[in-house]
Amino acid sequence: MKVLVIGGGGREHALCWRLSRSASVSQVFVTPGNPGCAAVATPAATPDNTPQGYLAAARAAAADLTVVGPEAPLVDGVVDAFRREGRLIFGPTQAAARLEGSKIFAKNFMDRAGIPTAAYVTADDPETAIQALSQFQGPLVIKADGLAAGKGVVIVEDPNEAEAVIRAMFAGALVGAAGARVVLEEFLEGEEISFIGLSDGERVVALEPSQDHKRIADNDEGPNTGGMGAYSDSRLLDGDMRQQVMDTVMQPVIDQFQREGTPFSGFLYAGLMMTAAGPKVLEYNVRLGDPETQALLHRIEGDFGALLHTAAAGRINPAHLAFRQDPSICVVLAAAGYPGKVRSGDLIHGLSEAEQEGAAVFHAGTKSTPEGVVTSGGRVLGVTHSGATLPEAIENVYRAVEHIHFDGMQVRRDIGAKGLKRWPLTAGS
Ligand code: AMP
Ligand code: GLY
């Protein structure tokens with residue numbers, strides 16, 4: 001089977017890499033891809049980044065299956081366009097993708113489905129939002145309704161601080177039009193876990209749990225980013241807790257969409273806060289996480305292509321899914337200036353040396369030039385490795401990271417360290 005991957009980041013490089021190793025996959029195409037993808041996938045040209053453009057790429061590649069990485073094409077309706085033409089694609093329709101595309105839609109949807117989440121108020125204008133502040137005590141969270149590339153969430157210490165943020169958001173000063181409506185919500189305390197499943201519209205099958213590191217600097221300091229590293233370790237959630245998450249957070253989404261006549265198929269990502277009162281949903285994404293995917297796909301076994309094909313065709317076969325026990329880690333190397341204004345064009349050294357350490361080096365913001373591969377985006381690379389134990393995985397990944405250099409490179413040195421704290425060195429860890 002020929003598979004087309006849509007997207008060009010680290011997540012999509014990891015998808016291409018894993019699909020290229022699937023027994024059922026004869027060739028992987030990618031659009032637009034990146035210099036790293038080229039080692040495992042054939043670039044497929046698209047006239048433009050519209051659903052029709054992607055359809056043209058899939059036709060030209062004679063793709064038997066298309067897999068969508070990022071949210072934007074899903075929100076634009078790429079799945080609807082493929083289905084109208086009878087072409088197999090894995091991802092949610094435009095109607096179902098609103099779960100990520102609009103935070104207000106997501107919160108109201110969670111209400112209708114009875115899914116545990118932070119208490120909230122929505123507002124279409126600044127006065128309504130400011131009036132609603134009296135309902136909150138202590139810290140609260142202000143979220144832009146629309147897609148804002150991870151920049152639409154502001155946490156304030158108390159309601160007094162909130163007014164300025166609300167005014168700035170409605171004025172378009174923070175995230176433009178995405179802030180034309182907002183959600184105010186209660187601040188939740190606990191540990192964040194990323195929980196991702198695959199659905200065929202009816203059933204949902206879980207991947208292993210993982211944990212992202214969203215702040216730019218060690219010890220979760222500094223501004224939020226798209227994610228500076230992630231690890232996946234089966235101990236993040238025990239069997240009972242996984243069942244609870246499936247029963248209260250994952251399956252209810254699929255059931256509710258079915259009831260509402262817009263079935264959800266595709267990857268379903270729940271950003272969870274593990275609170276004292278149980279897991280609560282911070283957000284849903286309608287796609288795989290980045291960099292969680294890089295860590296997860298390093299651990300995954302079985303025929304990933306066949307798994308996605310059965311899910312896209314309407315009856316997922318979990319027999320194609322298996323995970324190695326070994327924990328895995330992805331460490332992101334980011335460019336100078338990230339997450340603010342990023343500098344591009346810095347020459348990257350040591351890529352093949354890192355790979356010789358056994359690491360998979362997934363490209364995100366890179367560009368090929370006659371001088372070599374240079375930086376070309378905020379998150380540049382995701383160095384990914386695993387190990388028999390979490391400490392070994394950490395050691396392996398950072399040994400590979402040591403080989404890579406570019407001017408202004410930013411890297412967190414503590415990816416996975418929370419796990420070390422949680423599970424102090426004991427036999428079997
Ligand atoms: P979101 O895009 O909604 O996942 O928010 C981005 C980040 O903001 C999350 O990963 C959390 O770290 C933080 N966050 C969002 N909502 C809340 C909340 N209700 N309580 C505490 N932290 C939150
Ligand atoms: N790593 C978080 C996300 O992909 O949204």
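The values are calculated or read from the model by the stated rules, or taken from the named source; none is laboratory data. Small disclaimer: the values here were computed from a predicted structure and weren't measured. Cβ atoms come from the backbone with ideal geometry, glycine included; neighbour counts cover every protein chain shown. The protein model used for the area step is the full one, side chains on, heavy atoms only, and it has no ligands, DNA or RNA in it. Shrake-Rupley method; radii C 1.70, N 1.55, O 1.52, S 1.80 Å.
Pick out the one residue from Ala178, Ala81 that is touching a helix residue (DSSP H, G or I) at 6+ places or on another chain (Cβ under 6 Å), crowded, with 19+ Cβ neighbours inside 10 Å and outside any strand (DSSP E or B). Spell out how you get there, then give the answer.
Values: Ala178 fails: touching a helix residue (DSSP H, G or I) at 6+ places or on another chain (Cβ under 6 Å).
When all the criteria are applied, what remains is Ala81.
Give me the strands (runs of 3 or more DSSP E) completely within the range 186-227, filtered to those with at least 3 residues that are within 16 Å of Met241 (Cβ to Cβ), ordered by residue number. Filter on the range 186-227 gives 191-200.
Residue selection: Asp212 satisfies the criterion of being within 13 Å of ligand 1 (Cβ to nearest atom), touching a helix residue (DSSP H, G or I) at 6+ places or on another chain (Cβ under 7 Å), open to solvent by 10 Å² or more (accessible area, probe 1.4 Å) and more than 30 Å from Ser134 (Cβ to Cβ). A search for C-beta distances below 6 Å between a residue of the range 262-274 that is at negative phi and any residue that is more than 16 Å from ligand 1 (Cβ to nearest atom) and hydrophobic (A, V, I, L, M, F, W, C), counting only pairs 6+ apart in sequence or on different chains, returns Thr262/Ala95; Thr262/Ala96; Pro263/Phe257; Phe264/Ala96; Phe264/Ile254; Phe264/Phe257; Phe267/Leu198.
Among the residues of the range 117-166, those identified as in contact with a Gly (Cβ under 9 Å, 6 or more places away or on another chain), open to solvent by 40 Å² or more (accessible area, probe 1.4 Å) and more than 9 Å from ligand 1 (Cβ to nearest atom) are Leu147, Ala149, Glu157, Asp158. The numbered conditions (1) within 16 Å of ligand 2 (Cβ to nearest atom); (2) under 16 Å from Val204 (Cα atoms) are all true for Val245 except (1).
Of the residues that sit in the range 285-306 and are touching a Leu at 6+ places or on another chain (Cβ under 8 Å) and in a helix (DSSP H, G or I), which one is farthest from ligand 1 (Cβ to nearest atom)? Going through the qualifying residues, I end up with Gly305. If only residues of the range 1-43 that are away from ligand 2 (no atom under 16 Å from the Cβ) and charged (D, E, K, R) are counted, the one that is farthest from the chain's Cα centre (by Cα) is Lys2.
For the range 229-247, the set of residues classified as open to solvent by 70 Å² or more (accessible area, probe 1.4 Å) and in contact with a Ser or Thr (Cβ under 9 Å, 6 or more places away or on another chain) consists of Arg235 only.
Got at least one residue in the range 340-350 being open to solvent by 30 Å² or more (accessible area, probe 1.4 Å), of a type in the set (Gly, Ala, Ser), on the phi > 0 side of the Ramachandran plot and not in a strand (DSSP E or B)?
Initially, the range 340-350 is screened for residues open to solvent by 30 Å² or more (accessible area, probe 1.4 Å), giving 340-345, 347, 349.
Then keep just the ones that are of a type in the set (Gly, Ala, Ser); that gives 340, 344-345.
From the residues that got through so far, the ones that are on the phi > 0 side of the Ramachandran plot too are 345.
From the residues that got through so far, the ones that are not in a strand (DSSP E or B) too are 345.
Within the range 340-350 (the criterion being open to solvent by 30 Å² or more (accessible area, probe 1.4 Å), of a type in the set (Gly, Ala, Ser), on the phi > 0 side of the Ramachandran plot and not in a strand (DSSP E or B)), the answer is yes, since at least one residue qualifies.
Gly226 - would you say it is within 16 Å of ligand 2 (Cβ to nearest atom), open to solvent by 10 Å² or more (accessible area, probe 1.4 Å) and of a type in the set (Gly, Ala, Ser)? Criteria met by Gly226.
Among the residues of the range 84-97, the ones that are buried (at least 19 other Cβ atoms within 10 Å of the Cβ) and in a helix (DSSP H, G or I) come to 2 in all.
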